[in-house]
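A short worksheet on the structure shown next.
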Amino acid sequence: MPKSLGNQPIVVIGGGIGGLVSALDLACAGLEVIVVEKEQQLGGKIRQIDCAGHGVDSGPTVFTMRWVFDGIFANAGARLEDVLRIEPLKILARHAWSQSERLDLFANRDESAKAIENFAGAAEARRFIEFCEQTRKLYRALEKPYMLSQRPSMMGMMSDLGPTGSKALYEIGLFNDLWKSLGRYFKDPRLHQLFGRYATYCGSSPFQAPATLMLIADVEMQGVWAVQGGMIAITQALTDRARAKGVRFICGVNCDEITQRNRRVSGVRLSNGEAIQTQAVIFNGDAMALQTGLLGEVNRHASPITQTTRSLSAITWSMYAKPQGFPLVRHNVFFQSDYDSEFTDIFYRKRLPQKPTVYICAQDQTDTHISHPAGERLLCLVNAPATGDHQQPTLSEIESCQEKSLSLLEHCGLNLSLADATVTRTTPQDFHRLFPATGGALYGQANHGWMDTFRRPAAQTAIPGLYLAGGSAHPGAGVPMAALSGRMAAATLMGHLGLTKRSGRVLISGGTSTP
C-alpha cells in the first residue's frame, strides 16, 4: 500500500507533463498521490484534436532531450524503449522563404554545414560550425548550474560555472540579446532569421531574448524524435506507469480552492463538492492562476515573482488535408522577409502579425516526403499575442491572418486548400479557456532580458506545503523542461518530508544528456 502523510494523500492539481511526472516520482517513493485534472483527458498542452477520425497533435510536437525521460522511466522501473516507440529524425526541419529558397537542417552537423554551404556559401558554413561549437560549450556550461538547479540565482550560477563555463558565457556576449549575438555568426539574413527562431521555443522574441537561448540549437542536434502515436503517447505512458504505482486520477473536475490552516496547506476543494484533506499540493498550472486568486485569495502570494511580459500565444489550424506542391517533412517552417515586424506586432502592437511565419508539423511524414493522396494530418501554427482574456482578435482579423499565412505557403510552393480539409482552429481566447489566467500564453512568461532567466518561480512557494510544476515554473517551457519541473517539485517535497537528501540539484536517475 502507498504511504500517506498522516493518512492524507499528496494532491497534484493538473495532469500536464509536470504534474504527471511529479505524481509518478512521488508514487515511486511509495507515497499516496491523487491527480485532479479539470479536463476529461490528461496531458495539459499535449493534446490531440479529432479531424475526420484522425487524431492530430495540437500542442507540442517536438520530442527532444530524451535523457530526461530515460531518467523518469528508469526511476519507475522501465526503459523508455519499453513504453514508447520513437524514431530519430535525420532532418530537424525544412525551411523555406520562396519556391527556390529551401534549406534543411540535419541532426548531423556536417550535413547541415554542407547544406548551408550550398544555400548561402562556404563562409556561412564555416561560421555555422563555429556557432555549433559555441552552442555545445554553452549547453554544457548551463545544464547543471541552471537547468538542473532547483532554484538558480545569477550569483549562484556564476559561482557554479567555473572558468570554462564563464568563458562560454563571455564569448556569446553575456548581456546581448539573441538577435545581436547571432549576428556575429550569420551574415545571410535568412540564416540569422532561422536561428533567431529558437527564441519562440520558449515563447519569446529573438530581439529581446537573452543570447543564452542559442543553446537550443545544440539541444536539437543532440536529437529530435518522432513519437509513434503522437505526443499523447508520452502522456499515456506516464499515466500507465503512475496508475501501476497506485496514483489515483480524478478527471473532468476542477479544483476551486487550495485551503489553508495555520498558514499552510490543509486541503483542496473540488468543483464536484468533494474536499480532500492534504498537507502537500503540487500545482501544475500557470503560476498566475495562483496570483490572480483563481485557487483562493489566501494563495495570491504563494510566489513573490511577478510576471513581466506574457509569452507568445498562437493561432493553430489542426487539420486533415491534401497539401500539394511542397515536399513536407515532419517539421517545416515558412518565413516572411520582414522578421522584425512579426514580433513588433505581437509584443508591442498586441495584434496578430501582418507578416506571419508559419510552422507546419506534418504528422504522417518523417525524413522522406511521402505522398498521401487521401489526405494527411497537419498542425499549422502562427504566433499571436497572449490577449485572449481582454483584447481578442476579431473574426475578420483572424481570417485575414489565415489568408496571409496561406499566401505565404503558396509563395513557398505549398498549395493548401482549407475548403477541402477538415479543420479545427484554436485562438488565444480558446487557449485562455484551456489554461486560465494566461490570456492564452503558452510558455508562462516571456524570457526577455538576462534577468528574466531567474524570474520564473521555483518549485517551493512561500506557502508551506504548496509546490509548483509546469512550464511557467523553473526551468521553463517545453516538454522536457516541464518534465524536469515535475521532478524538481517532487524532489523538493520529498526533501521536506525527509525522504530524500536535499540538494540544490534535481536527481536524474538513468540517462545522460551529453558525453
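The values are calculated or read from the model by the stated rules, or taken from the named source; none is laboratory data. Being a predicted model, the structure only gives us computed values, none of them experimental. Counting neighbours? That spans all protein chains shown, and the Cβs are built from the backbone with ideal geometry, glycine included. Ligands, DNA and RNA are stripped out before the accessible areas are found, and what is left, the full protein with its side chains, is counted by its heavy atoms. Shrake-Rupley method; radii C 1.70, N 1.55, O 1.52, S 1.80 Å.
Here are some notes:
- Our compactness index for segment 1-139, the C-alpha radius of gyration over the empirical 2.2 N^0.38 Å, is 1.50.
- Extension gain, residue 110 to residue 41, is 20.6 nm, computed as 0.36 nm per intervening residue step minus the present C-alpha separation.
- Exposure ranking of 28, 202 by accessible area [1.4 Å probe, largest first]: 28, 202
- Just so you know, the Rg over Rh for segment 240-308 is 1.01, from Cα atoms, with Rh as the Kirkwood radius.
- Unit charges at the beta carbon, dipole of segment 182-331: most positive-side option, 315, 325, 216: 216
- Solvent exposure, largest accessible area first (probe 1.4 Å, DNA, RNA and ligands not counted), of 207, 69: 207, 69
- Cross-link pairs 137/350; 137/404; 322/355 - those with Cα-Cα distance over 30 Å: 137/350; 137/404
- Residue 418 - accessible surface, heavy atoms, 1.4 Å probe, Å² rounded to 10: 40 Å²
- The relative contact order of the chain comes to 23 percent, based on Cα pairs under 8 Å that sit 6 or more residues apart.
- Segment 275-295 and segment 39-62 have Cα centres spaced 24 Å apart.
- Extension gain, residue 275 back to residue 419 (0.36 nm per residue minus Cα-Cα distance, nm): 47.0 nm
- Computed lengthening from residue 99 to residue 180, 0.36 nm per intervening residue step minus Cα-Cα distance: 26.3 nm
- Cα-projected label distance for residue 264 with residue 337, points at 7 Å along beta-carbon direction, nm: 6.4 nm
- For the chain, the C-alpha radius of gyration divided by 2.2 N^0.38 Å, with N the number of residues, is 0.94.
- Within the chain, helix-based [θ] at 222 nm, where runs of 4 or more DSSP H residues each add -39,500 (n - 2.57), nearest 500: -10000 deg cm²/dmol
- Computed log₁₀ I(q)/I(0) - Debye formula, equal Cα scatterers, no solvent, segment 80-141, q 0.28, 0.30 Å⁻¹: -1.15, -1.20
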